[in-house]
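**Q** Provided herewith is a single structure, encoded as structure tokens, for subsequent inquiry.
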Amino acid sequence: MAQDNSPNKTITMNQRCSRTKFTEEQSKILIKAFHQNPYPGYATKQRLALEINTDESRIQIWFQNQRARHQCQKKSEPDEDLESSQDQDHSEEEIQSREDRRCRTSYTSSQLHTLIEAFMNNPYPGIDTREQLAKEIGIPESRVQIWFQNRRSRFHVQRKREPDDQDSEQRQDQEQDL
């Protein structure tokens, strides 16, 4: 059950990466880390990626999936944890995980121009397109993926607001006419 970690996978347009299959030993390492902290910082994910020989983005997705499974299991249990967590302010682990976060990615105007242009052509680029963009502008593919997710979200919010903006303008015009 070893996985293919080669970075030069050829994937056709709009295909997902193949499912990452971890060995039993890799799974044990990840589960142990999850029990220590289900929200690891960037440095921890990088260390785990090196330790089990995979990409940090695969580690990030594994933790997301594990947290989702863990929450589904918790929903079936009583809400005892909820009451005890409301009594505490912020644990040291939570504060530490904030410090371990990845630094905010800053984009140059030329990088933004390239990303916006690509977004206008296709707001849902496949892995191959994202990898090509990442190489072209010199940032990791995972950051390109997040940029597109954020941009799509912002785009949808703006589209929802447009009719409201037009309605308020029409109401103001009608009020001025009275």
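**Q** Calculate one ³J(HN,Hα) per residue across the stretch 149-159 by plugging θ = phi - 60° into the Karplus curve 6.51 cos²θ - 1.76 cosθ + 1.60, and present them in order as whole Hz with x for glycine and proline.
**A** Whole-Hz 3J(HN,Hα) from phi for the stretch 149-159: 4, 5, 5, 4, 4, 4, 4, 5, 5, 5, 5.
**Q** In addition: Calculate the dipole size of the stretch 24-74 relative to its Cα centre from +1 charges on Lys and Arg beta carbons and -1 charges on Asp and Glu beta carbons; express the result in debye to the nearest 20.
**A** On the way: 8 positive and 5 negative charges, 56 e Å.
Roughly 260 debye, rounded to the nearest 20.
**Q** Related question: Give a residue-ordered list of calculated ³J(HN,Hα) values for the stretch 113-121 (Karplus: 6.51 cos²θ - 1.76 cosθ + 1.60, θ = phi - 60°; whole Hz; x for Gly, Pro).
**A** 4, 5, 5, 5, 4, 5, 5, 5, 6
**Q** Given the pairs Lys28/Lys135; Lys45/Lys135; Lys21/Lys45, which span a C-alpha to C-alpha distance of over 28 angstrom in this model?
**A** Details: Lys28/Lys135 33 Å; Lys45/Lys135 22 Å; Lys21/Lys45 17 Å.
In this structure, Lys28/Lys135 lie more than 28 Å apart at Cα.
**Q** Given the stretch 109-160, what whole percent of its Cα pairs are spread farther than 18 Å? Spell out each step's value before the answer.
**A** Working: 301 of 1326 pairs.
When every Cα pair of the stretch 109-160 is considered, 23 percent fall beyond 18 Å.
Read-outs throughout are calculated quantities, based only on the coordinates presented, and are distinct from any laboratory measurement. Everything quoted here is computed from the prediction, not taken from an experiment. Using ideal geometry, Cβ is built from the backbone for each residue, glycine included, and neighbour counts are taken over all protein chains shown.
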